[in-house]
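Note sheet for the following structure.
The values are calculated or read from the model by the stated rules, or taken from the named source; none is laboratory data. Small disclaimer: the values here were computed from a predicted structure and weren't measured. No Cβ is skipped: glycine too gets one built from the backbone with ideal geometry, and neighbour counts run over all protein chains shown.
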Amino acid sequence: MPVSREDGLDVSTVKKETLKGDLSPGLVAQIISRNSDTGGGHMVVHVPAGWSNPKGYASAAQDIYVLEGEMTCGGEHMVAGCYSFIPDGVAYGPISSPKGCRMIVFYGAPFEFKRSDANKPGAKVERLRLNEKTWKTDWEDPMKKMVEKTTWINPVTGQPGRPAGCFVKVLRWDKDPEEQIALVSQAGGFIDPGTEVHPHNECLYLIQGDCYIGYTYDTKAKDQKKVDITLTKDHYLSRPPGIYHGPVTTKGGVFWITYMSDGYHGIFNDVAEWPSMVERYYGGQAKYHETRV
């Protein structure tokens, strides 16, 4: 189920559009990725101050994370850092936002909203998870919960692992179909010194901080590389299977929300020149460019 590829999308450059369905005027969204098989995708939704909408359900399952502002949904007060999973056909609301808010939404099928006080017949109401406060969830070592396979070798232990300085909160992990939503934090000075490639979709929205990626290239076109990609707040990455990326570092730390169409599987390849690439970034000399080798 391939997503569209974005190697460092500045979301502020994406046009805003009106969503389909029975929604009050004023609500707009930036579609930042689409899935060519399912019709689903990822979007940033902008709720204007004073906006409200009656109760209803969507044609697509939604993972919702509040980025900024606040809103009320069916009596639940949601602020930045709150997460919800709403299965398709499950009625939610009414919704209101006196001051406005901004949310990222991962949706699993073509999106359309229908006003209704009742759930759509057959909707899986038992899977509804509304207004979970993610700051109450502990950070974990990704090797304990998120990572299913990695070929990175810890230079101290000689065992497969992940570089130190990365922490996760897995918000949802379903097996049928396989999907994983997680918050990922990498400490300031974190370095992942190689490139890695995944056999699954991997999408990341940068909520806060900075990130540097030395190389990005497709396994089918290894001679075409994007070099020195620098990302900051509200940048987005979307990778179908087979995209090499790395080395990775962050100066001041970085905070992501991520989507994967599988448990994390990472195939690691050494990058001999990673020290000079990281030093170039820390010294302010990294300049994005594309190259053919």
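Residues that are of a type in the set (Ser, Thr, Tyr), over 21 Å from residue 263 (Cβ atoms) and either outside any helix (DSSP H, G or I) or touching a strand residue (DSSP E or B) at 6+ places or on another chain (Cβ under 9 Å) (or both): does segment 143-159 have at least one?
Yes.
Looking at this structure, is residue 179 touching a residue at least 60 places away in the same chain (Cβ under 8 Å), of a type outside the set (Ser, Thr, Tyr), part of a strand (DSSP E or B) and touching a Gly at 6+ places or on another chain (Cβ under 6 Å)?
When the stated conditions are applied, residue 179 does not pass them.
Please indicate, with yes or no, whether at least one residue in segment 224-231 is modelled with pLDDT of 90 or more and either assigned to a helix (DSSP H, G or I) or at positive phi (or both).
yes
Could you say which residue among 102, 127 is modelled with pLDDT of 95 or more and either in contact with a His (Cβ under 7 Å, 6 or more places away or on another chain) or among the hydrophobic types (A, V, I, L, M, F, W, C) (or both)?
Only one candidate qualifies: 102.
All but one of (1) within 19 Å of the chain's Cα centre (by Cα); (2) touching a residue at least 12 places away in the same chain (Cβ under 8 Å) hold for residue 13; which doesn't?
Residue 13 satisfies every listed condition except (2).
Does segment 221-231 contain at least one residue that is within 27 Å of residue 144 (Cβ to Cβ), touching a residue at least 12 places away in the same chain (Cβ under 8 Å) and not assigned by TED's automatic domain parsing to the domain that holds residue 86?
Taking every residue of segment 221-231 in turn, at least one turns out to be within 27 Å of residue 144 (Cβ to Cβ), touching a residue at least 12 places away in the same chain (Cβ under 8 Å) and not assigned by TED's automatic domain parsing to the domain that holds residue 86.
Within segment 98-109, does at least one residue satisfy the condition of being in contact (Cβ under 8 Å) with a residue 60 or more places away in the chain and not hydrophobic (A, V, I, L, M, F, W, C)?
Checked against the condition, which is being in contact (Cβ under 8 Å) with a residue 60 or more places away in the chain and not hydrophobic (A, V, I, L, M, F, W, C), segment 98-109 yields at least one hit.
Can you report the number of residues in segment 167-183 which are surrounded by 20 or more Cβ atoms within 10 Å (Cβ to Cβ) and in contact with a helix residue (DSSP H, G or I) (Cβ under 9 Å, 6 or more places away or on another chain)?
Going through segment 167-183 one residue at a time, the tally reaches 5.
For the subset of segment 21-46 comprising residues that are at pLDDT 95 or above and not in a strand (DSSP E or B), which member is surrounded by the fewest Cβ atoms within 10 Å (Cβ to Cβ)?
Top of the filtered list is 25.
If you check 12, 59, 52, which single one turns out to be outside the structural domain of residue 204 (by TED's automatic domain parsing), surrounded by fewer than 17 Cβ atoms within 10 Å (Cβ to Cβ) and either of a type in the set (A, V, I, L, M) or farther than 19 Å from residue 256 by Cβ (or both)?
Answer to the selection: 52.
Residues of segment 42-66 being over 20 Å from residue 203 (Cβ atoms) and among the aliphatic types (A, V, I, L, M), which ones?
Correct list: 47, 49.
Scanning for something in contact (Cβ under 8 Å) with a residue 60 or more places away in the chain, touching a Cys at 6+ places or on another chain (Cβ under 7 Å), not acidic (Asp, Glu) and not in a strand (DSSP E or B), does segment 248-261 turn up at least one residue?
Yes.
For residues in segment 205-220 being more than 21 Å from residue 269 (Cα to Cα) and without any contact (Cβ under 8 Å) to a residue 60 or more places away in the chain, which is surrounded by the most Cβ atoms within 10 Å (Cβ to Cβ)?
Per the stated criteria, the residue is 206.
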